[in-house]
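K.L.:
Structure provided below as structure tokens; questions to follow.
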Amino acid sequence: MGGNAHVNKLQDLLVDLEALSLQGKQLHWHVQGPNFTAVHTQLDAIVDSARTYADDVAERSVTLGRPVDGSPEVVAKEHGLPALPEGWVRDVDAVRLAADAVERVVARGRAVIAATEDEPVTQDLAIQVVAGLEKHLWMLRAQLAA
């Protein structure tokens, strides 16, 4: 794939990472239930990761000579995450919603990995993003196990 395809995939990943950080905070503020403290704290860790990865992805795109757009309008229009409910969210539902969102971002990251076989630096970055998010996903899924 050519350079434009790389940076287009990075733009897609950036948008989802920005949306993940926003949704994580929304859940963080509204989670309720017996596991409030653990979920509240866990959501902040996911948000911190998403923000760090978004910055890394944006900077890689700019390094490749392509500006990015992480504006609220673009993130709202282009992200691929499932919608959140309004208001309070039970702890187990917050975990499920966060897992669904992280899973979508992981899929987007895997698309970057697949599209960047001829660009190892970008591919390495995408691998790091996916590995970190998959660790969060594992921890979320462990909470949902019966």
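K.L.:
For the structure I just gave you, tell me whether residue 122 is β-branched (Val, Ile, Thr), in contact with a helix residue (DSSP H, G or I) (Cβ under 9 Å, 6 or more places away or on another chain), open to solvent by 80 Å² or more (accessible area, probe 1.4 Å) and under 19 Å from residue 15 (Cβ atoms). Steps first, please.
P.N.:
Working: β-branched (Val, Ile, Thr): yes; in contact with a helix residue (DSSP H, G or I) (Cβ under 9 Å, 6 or more places away or on another chain): yes; open to solvent by 80 Å² or more (accessible area, probe 1.4 Å): no; under 19 Å from residue 15 (Cβ atoms): yes.
It is false that residue 122 is β-branched (Val, Ile, Thr), in contact with a helix residue (DSSP H, G or I) (Cβ under 9 Å, 6 or more places away or on another chain), open to solvent by 80 Å² or more (accessible area, probe 1.4 Å) and under 19 Å from residue 15 (Cβ atoms).
K.L.:
Exactly one condition in (1) on the phi > 0 side of the Ramachandran plot; (2) open to solvent by 50 Å² or more (accessible area, probe 1.4 Å); (3) at pLDDT 95 or above is not met by residue 32; state its number.
P.N.:
For residue 32, the failing item is (1).
K.L.:
Within segment 65-101, restricting attention to residues that are open to solvent by 30 Å² or more (accessible area, probe 1.4 Å) and of a type in the set (Asp, Glu), which residue is farthest from residue 11 (Cα to Cα)?
P.N.:
93
K.L.:
Turning to a different aspect of this structure: Can you tell which of 85, 67, 120, 72 is of a type outside the set (Val, Ile, Thr), over 16 Å from the mean Cα position of the chain (by Cα) and within 29 Å of residue 40 (Cα to Cα)? Don't jump to the end; show me each part of the working.
P.N.:
On the way: 67 fails: within 29 Å of residue 40 (Cα to Cα); 120 fails: within 29 Å of residue 40 (Cα to Cα); 72 fails: over 16 Å from the mean Cα position of the chain (by Cα).
Of the residues listed, the single one that is of a type outside the set (Val, Ile, Thr), over 16 Å from the mean Cα position of the chain (by Cα) and within 29 Å of residue 40 (Cα to Cα) is 85.
K.L.:
Among the residues of segment 51-64, which ones are among the β-branched types (Val, Ile, Thr) and either open to solvent by 70 Å² or more (accessible area, probe 1.4 Å) or at pLDDT below 95 (or both)? First the steps, then the outcome.
P.N.:
Filtering segment 51-64 down to residues among the β-branched types (Val, Ile, Thr) leaves 52, 57, 62-63.
Within segment 51-64, 52, 62, 63 qualify.
The values are calculated or read from the model by the stated rules, or taken from the named source; none is laboratory data. Bear in mind the structure is a predicted one, so any value in this text is a computation, not a measurement. As a convention, Cβ positions derive from the backbone with ideal geometry for all residues, glycine included, and neighbour counts pool all protein chains shown. The accessibility values were calculated without ligands, DNA or RNA, using every heavy atom of the protein model including side chains. Shrake-Rupley method; radii C 1.70, N 1.55, O 1.52, S 1.80 Å.
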